[in-house]
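Working notes, structure below.
The values are calculated or read from the model by the stated rules, or taken from the named source; none is laboratory data. Just so you know, these numbers come straight off a predicted model, no measurement behind them. Quick reminder, even Gly has a Cβ in these numbers, built from the backbone with ideal geometry, and neighbours come from all protein chains shown. For the accessible areas, the whole protein counts, side chains as well, though only heavy atoms, and no ligand, DNA or RNA atoms are used. Shrake-Rupley method; radii C 1.70, N 1.55, O 1.52, S 1.80 Å.
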Amino acid sequence: MSSKLLKGTFILTIGMVLSKVLGLLYVIPFEAIVGNKGTQLYSYGYVPYTIFISIATGGIPLAVSKFVAKYNALGEYHVGQKLFRSSMKIMLLSGIVSFLILFLIAPGLGEAMGKGQENFTPDQIATVIRAVSFALIIVPFMSLIRGFFQGNESMGPTSISMVVEQIVRIIVLLGGAFVVMFVMDGNIVTAISVATFAAFVGAVGGLVVLLMHWKKVKPQLKKKGITDQRATSISLKDMYKEIILYSIPFVFVGIAMPLFQFVDTLTFNSAMASIGLKSIAGDAFGILNFNTQKLVIIPMSLATAFAMTIVPSVTKAFIERNTQMFTTQLNQAFQVLLFLTLPAAIGMSLLAKPIYTVFYGYDQLGVEVLQTYAPTAILFAFFSVTAAVLQGINQQKYTVLSLLIGFLAKLALNIPLIRIFETEGAIYATSLGYLVATLINFFVIYYFTGYSYKLVFKRTVLMGIFTLVMGVVVVLLTSGLSMFLNPEHLFPAFITIVIGAGIGALVYFLLAVKSKLAYRLFGDRLLRLKSKIGL
């Protein structure tokens, strides 16, 4: 992996992790304001929105990123710029149409999602869905700009805009919900409607950041045009055809998680009711699709960053037929992804009790669900990155195939597994669906490129051993701490997380450094750090 790609990945990773952490931290005051039933209603509104936002953007960030990177590699800078200017109007139209569709079908979705639970009426669910639908007007347009910057290997604007978008959204979300509930003495439906409408206001904030940066870099883009070879003439019709072919698989990747969640939204309550658990179905659904999901997506942030940064780089290597560069980048990408995601996901599972307690208060079901759900982040991560690789080698149609097969597995297994394992059954169905999809992606990459997983497999075993040692240390440490600190209470749970996660991360890092794995992955910077601290 080139230093530029690694730098871009970490820039995006920082932005995404900050964005996800902010999106996690607000949950603590938000649940204190609206309660568990409020988060349940919020989840009902957000799941269909995330599906629609993925469809509305049409995979544009990564598709445009790949398109621009491809023609930049050929020295045809004007092609990407021409597409960008033309696509602005189309994405604005796409956003408006998507908004109108979601707004109009909200009552039908409310009726479907309201079955099997007793907390909210279909009309109340529809009201929340309509409130969040306004964000669809802006987000596709904003996604286009992000994709253009990423195609030019400029990851900073995307990273900064994501953080700003999240900060603005959270301020409006918490402030609005608090005012409705405690100042205006309003009801929970109004509070959640304001909270979901905050997505629109946050999108405005993120868009402003991108437009400011666009104004700043516009002269630099004009300079690139001076060296443009102008050897390629491509019509807008052909551009859109190419973009559509690129974007369709990204649509499926983007809706993968919300699509799996939507299966839970439609089937979870009725499946729980069928085994006599109707009374707790609503609360259990909130824990599954809101509380724990917010925690699990943190380790996934790295995968999303890799997916965004690896597409331009892999595309360039593929176009230039540089097999050595392609192999090196994939080796490095898979290893770095696993190096960071594996211990984070397993560590979260081992520290599930104190982590859940800190964010939501102690709940035995919540702890059990998080313990089961956290390792699934590893599969989420690899599905995203392998799908991005398939896009880079022009085999994106297999991404659609793998996801459809995985989705069918989730759909077929969800109700039977919920009836057997209750709430955790939905997680098992999700894990099996993602596992099937990811294995198909791995095979397709091997089939079309001849890429060997031998080195990645060997390093995976090594990282697995490091994670096992880390896990043993964390379990022993937290067991000892539990004799003095009760992880079912907020402050002792926080101290347990700090000590457990800190010592666990240190053990893992020391093992990686002593084995020389860390600086093989991260290069000279790790060597300099090692010499400074005397390891």
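If each residue of separation counts as 0.36 nm, what is the full-extension length gain between L408 and I96 once their alpha-carbon separation is subtracted?
Working: separation 312, 0.36 × 312 = 112.32 nm, distance 3.07 nm.
Roughly 109.2 nm would be gained on extension.
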Just grab the label-to-label distance for K278 and R321, each label 7 Å out from Cα along the Cβ direction, in nm (one decimal).
-> 6.7
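Please give the contour-minus-distance gain from K454 to V21: 0.36 nm per residue of separation, less the Cα-Cα distance, rounded to one decimal in nm.
Working: separation 433, 0.36 × 433 = 155.88 nm, distance 3.44 nm.
Stretched out fully, the K454 to V21 stretch lengthens by 152.4 nm.
Counting only protein heavy atoms and using a 1.4 Å probe, what share of the accessible area of the range 341-416 belongs to carbon plus sulfur, as a whole percent? Display every interim value, and only then the final one.
On the way: 1530 of 2240 Å².
That fraction is 68 percent.
Provide Rg over Rh for the range 325-390; use the alpha carbon set for both Rg and the Kirkwood Rh (inverse mean inverse pair distance).
Numbers: Rg = 15.1 Å, Rh = 13.1 Å.
My calculation of the ratio gives 1.15.
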Rounded to whole Å and sorted largest first, list the principal axis extents of the Cα atoms in the range 324-438.
-> 50, 31, 17
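Full-extension gain between S270 and L476, please, as 0.36 nm times their residue separation minus the C-alpha to C-alpha distance.
Numbers: separation 206, 0.36 × 206 = 74.16 nm, distance 4.02 nm.
Full extension of this stretch gives 70.1 nm more.
Using a 1.4 angstrom probe, figure out how much accessible area the range 353-403 has per residue, in square angstrom, rounded to the nearest whole. It would help to have the intermediate numbers written out before the result.
Working: 1310 Å² over 51 residues.
Accessible area per residue, the range 353-403: 26 Å².
Taking only pairs that are 8 or more places apart or on different chains, how many Lys pairs in the range 379-535 have Cα atoms under 16 angstrom apart?
Numbers: K458/K516; K514/K530; K514/K532; K516/K530; K516/K532.
Close lysine pairs found across the range 379-535: 5.
Calculate the dipole size of the range 404-517 relative to its Cα centre from +1 charges on Lys and Arg beta carbons and -1 charges on Asp and Glu beta carbons; express the result in debye to the nearest 20.
Details: 7 positive and 3 negative charges, 120 e Å.
About 580 debye.
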If you average 1/r over every pair of different alpha-carbon atoms in the range 403-491 and take one over that average, what Kirkwood value in Å do you get?
-> 16.7
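Using only the Cα atoms of the range 416-466, construct the convex hull and provide its projected area averaged over every direction, in square nanometres to one decimal. Kindly include the intermediate steps, with their values, before the conclusion.
Working: hull surface 19.7 nm².
Over all viewing directions, the range 416-466 projects a mean Cα-hull area of 4.9 nm².
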Can you give the accessible area of E31 in Å² (nearest 10), computed on protein heavy atoms with a 1.4 Å probe?
-> 30
